[in-house]
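To start, the structure itself, in structure tokens.
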Amino acid sequence: MAYQEKELQHISRQFQIYGEILHAETFKIGHINETYSATYDQGGTRVRYIHQKINKHVFKEPPAVMKNVVRVTRHIRQKLEAGDREDITRRSLVVIPTRDGQPFYFNGDGEYWRTFIFVEGVQTFEAVQTPKQAFEAGRAFGEFQHHLVDLGGERLLETIPDFHNTRKRFASLMEAVEKDHFSRAKEAKPEIEFAMKHEALASVILDGMEKGRIPERITHNDTKFNNVMLDVRTGKAMCVVDLDTVMHGCALYDFGDMVRTTTSPTLEDERDLSKVKMQLSMFKKLSEGYLSTAGQFLTKAEKDLIAFSGKLITFEIGIRFLTDFLSGDTYFRIHRPGHNLDRCRTQFKLVESIERQEAAMQKFVGSIQCPSPSEPPLNDRAAIRPIATLQARRRGRDLARLDGDR
Ligand code: GN1
Ligand code: MG
């Protein structure tokens, strides 16, 4: 990753930002895109924006990615406005268009850049620290899915084909093992065996969807815990980010990735495997949070596979890391030799831990009371009162104050 100050200044001038750039720094170190935060002087006030270079090797059609992102963020914004929510630009990403009205800038080097409002007063974490954070992550992604249940218009574009097609992911692994271009298969023998032993997992949800038992929905598809921004002051989830893979999928894939990234106290590349475990206390809060918002639209078939989904997605990401290790580390950015193999080992250890506790996890989910479809999610009840009611209440308060003054 190379931050080129001159280049960034040039990029920044292409967007509808009314200010002068003061400085910029590398922001989030994800595995895929390059992200910078930049500070501007705007009429004497400092404001920040996010500039991001889209990884065009991973996202073959960046304009399609941005088309989806604009549709999704606009839809969510309308929902928040209709609900009279406060702090709307901290609750959903806002895409800043270029000076000619495009949601991205395509520079002469064939790179695609985009800009978002910088959400202030929030933080993200690589690993969960408290059960409350797990609850918030679940609630936020459940609300995200809920907002998109009625997204109208044409189908969202598939930004990465077969992204969560676990059968194809498994087939790619087998191909990489067979080719073994980098002679690394011997180093990963136990992991390859583990994957082969668990092959049957790959078909469970796909079969359910193919047979129409599990519905297709609009989902986030990359619900890592570090993609939820938490308010610094209250600890409440404000905004979910990283919307490049929002497309049609299965709600359970999103929940599964939350289990993968919120229930173990470790990072995704922890080398001390004795520390890697699915903590039931975290899972309980995560699923309560998720069902407080998603519980009103999920079907029984989906709810029945909630614990399983954690095992499946952890397995899926594990085989993706393993495939990349065997193929020469071309997809996920690595920071040391063997990094993808370490990441794979951590995932498989977590799969085993989930496996041992799956029955208890599912039993707990069965005991959670979900909100009924007509009922707004628990945390939102006050916030989504009709505007007229809120205005009447405010008027009432003002009158009471006047009465007191008399
Ligand atoms: C990638 O870049 P990041 O961290 O948001 C990947 C996810 C994986 C994740 C594993 C487009 O996400 O699918 O789950 O790494 N994103 C893409 O950490 O492949
Ligand atoms: Mg991502």
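The values are calculated or read from the model by the stated rules, or taken from the named source; none is laboratory data. Fair warning: this is a prediction, and the values are worked out from it, not measured in the lab. In this analysis, Cβ positions are derived from the backbone assuming ideal geometry, glycine residues included, and neighbour counts consider all displayed protein chains. The accessibility values were calculated without ligands, DNA or RNA, using every heavy atom of the protein model including side chains. Shrake-Rupley method; radii C 1.70, N 1.55, O 1.52, S 1.80 Å.
With all protein chains kept in place, the per residue accessible area of the chain amounts to 47 square angstrom at a probe of 1.4 angstrom.
Only protein atoms count toward the accessible area here, which uses a 1.4 Å probe; on the stretch 13-118, the carbon and sulfur part of that area reaches 48 percent. What whole-number distance in Å separates the alpha-carbon centres of the stretch 87-122 and the stretch 310-326? Result: 31 Å between the Cα centres. What number, in percent, do you get for the relative contact order of the chain if the mean sequence gap of Cα pairs under 8 Å and at least 6 apart is divided by its residue count? It rounds to 18 percent for the chain.
Listed by chain and number, the lysines whose alpha-carbon sits under 24 Å from that of K277, ignoring those within fewer than 8 places in the same chain, are K132, K189, K197, K224, K285, K303, K311, K349, K363.
Translational diffusion of the chain, estimated by Stokes-Einstein from the Kirkwood radius over alpha carbon pairs at 37 °C in a medium of 0.692 mPa s, is 145 µm² per second. Remark: spin-label model distance K275-R74 equals 4.6 nm, labels positioned 7 Å along the Cα→Cβ axis. Efficiency by 1/(1 + (r/R0)^6): what FRET value for E210 and R233, r their Cβ-Cβ distance, R0 = 41 Å, to the nearest 0.05? Result of the calculation: an efficiency of 0.35.
Within 14 Å, Cβ to Cβ, of K197, how many net charges do the neighbouring residues add up to if Lys/Arg are +1 and Asp/Glu are -1? Residues near K197 contribute -3 overall. Among L322, L201, L22, the largest mean-square fluctuation in a Gaussian network model of the chain (Cα springs under 10 Å) belongs to L22. For the stretch 131-397, the fraction of 1.4 Å probe accessible surface lying on carbon and sulfur atoms is 54 percent. Against the criterion of solvent-accessible heavy-atom surface with a 1.4 angstrom probe, H181, H146 sort, most first, into H181, H146. Working note: 222 nm ellipticity from helices only, DSSP H runs with n ≥ 4, each -39,500 (n - 2.57), summed and divided by the residues of the chain, gives -14500 deg cm²/dmol to the nearest 500.
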